[in-house]
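S.K.: Quick one: the structure is below, and I'll ask about it shortly.
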Amino acid sequence: VPAASPAPLSCDDPESEAAAEAAVNYINGHSHHGYKFTLNRIENIRVLPQGPSNEVIFLELDLLETICHILSPTPLANCTVRSFTDHAVEGECDLKLQKVNGKLSVLASKCHSKADSSEDLLQRCPDCPPLAIFNDTEVQKAVTEALSDYNSKNAGAYLKLLEIGRAKIQYHPAHIVFVEFAVAATNCSTAEANVEACQLLPDDQSNFGFCTATKVIRPSQELQVNCQLYGHQVPTPDTSFLSRETS
Amino acid sequence: SVARRAVAEVAQHDKVPRPVGFVPPPPPCPGKIRHFKI
């Protein structure tokens, strides 16, 4: 009598959680933009035995965006999940993994992310500003002014923009632009005049950072910028480094 | 017809009576939500 096939795994079984953890680490380790994602729900899992101690696992995961930029060295466990009032973003990933002698590896992955709908956000939080599009002129201006303001007021390496992470625009009761962006140190100091010639530091000296800024347009003109440099991180094969791409 | 009736009776007796308060196991998937559902 053929051996009974193993009972199907439950999505909350320890083996499923271990596979999901390996998948999420892979996703964050191979992402080059935006924020780290964390597991919200294992939608489905299918295990296909391939032979002794050899299985192929198909995983469907629901993820949620955290507030940690993908370049942040903060461990995922310490990254707060972005609240829905901050206009949450969910990710959906389908992955194919292999488990050989208990060791998991990702063979393929396909992910896409989408922000919560503006209607849903408005319904749950009428006063919460929704996400703005990156190329909104007010967003672009706020980022440019914030980075220039930071470079003009801080000694040390001149920082260049790597990418805008997200932006929101509030119109009532005040007109305020909220932006978050990733930066990288260059080979110039902020004191130098010709900053156009500044180059991003090579990977073995790279120093990335993350800035948040709030620009009040009305009723008053105010700009608050806060940047945190991560310090040099040793690149690893999986560590996504944006130094080759600047946007 | 005898066989069919007999089978029907056996099948009837075969049905395992469920203990009082029987709670079926949760479906294997999808799993629990860890934060919130968008």
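The values are calculated or read from the model by the stated rules, or taken from the named source; none is laboratory data. Fair warning: this is a prediction, and the values are worked out from it, not measured in the lab. As a convention, Cβ positions derive from the backbone with ideal geometry for all residues, glycine included, and neighbour counts pool all protein chains shown.
S.K.: Looking only at segment A:145-164, count how many residues are small (Gly, Ala, Ser) and crowded, with 20+ Cβ neighbours inside 10 Å.
M.R.: 2
S.K.: Looking only at segment A:50-92, which residues are away from chain B (no Cβ under 14 Å) and part of a strand (DSSP E or B)?
M.R.: A:Gln50, A:Gly51, A:Asn54, A:Glu55, A:Val56, A:Cys68, A:His69 - these are the residues of segment A:50-92 that are away from chain B (no Cβ under 14 Å) and part of a strand (DSSP E or B).
S.K.: Would you point out the residue of segment A:11-39, among those that are in a helix (DSSP H, G or I) and β-branched (Val, Ile, Thr), that is farthest from the other protein chains (Cβ to nearest Cβ)?
M.R.: A:Ile27
S.K.: Can you work out which of the residues in segment B:9-38 that are over 17 Å from the mean Cα position of the chain (by Cα) and at pLDDT below 85 is nearest to the other protein chains (Cβ to nearest Cβ)?
M.R.: B:Val10
S.K.: So is A:Ser105 outside any helix (DSSP H, G or I), buried (at least 16 other Cβ atoms within 10 Å of the Cβ) and of a type in the set (Gly, Ala, Ser) or not? So that I can check it myself, show each step before the final result.
M.R.: Working: outside any helix (DSSP H, G or I): yes; buried (at least 16 other Cβ atoms within 10 Å of the Cβ): no; of a type in the set (Gly, Ala, Ser): yes.
Here the answer is no, as A:Ser105 does not meet what is asked.
S.K.: May I pose another question? Go through (1) loosely packed, with under 15 Cβ neighbours inside 10 Å; (2) at pLDDT 95 or above and name the single condition A:Ser5 misses.
M.R.: The number of the failed condition is (2).
S.K.: Okay, next question. Specify which of the listed residues (A:Leu162, A:Leu147) is in contact with a helix residue (DSSP H, G or I) (Cβ under 7 Å, 6 or more places away or on another chain) and closer than 20 Å to A:Asn207 by Cα. Steps first, please.
M.R.: Working: A:Leu147 fails: in contact with a helix residue (DSSP H, G or I) (Cβ under 7 Å, 6 or more places away or on another chain).
Going through A:Leu162, A:Leu147 in turn, just one is in contact with a helix residue (DSSP H, G or I) (Cβ under 7 Å, 6 or more places away or on another chain) and closer than 20 Å to A:Asn207 by Cα: A:Leu162.
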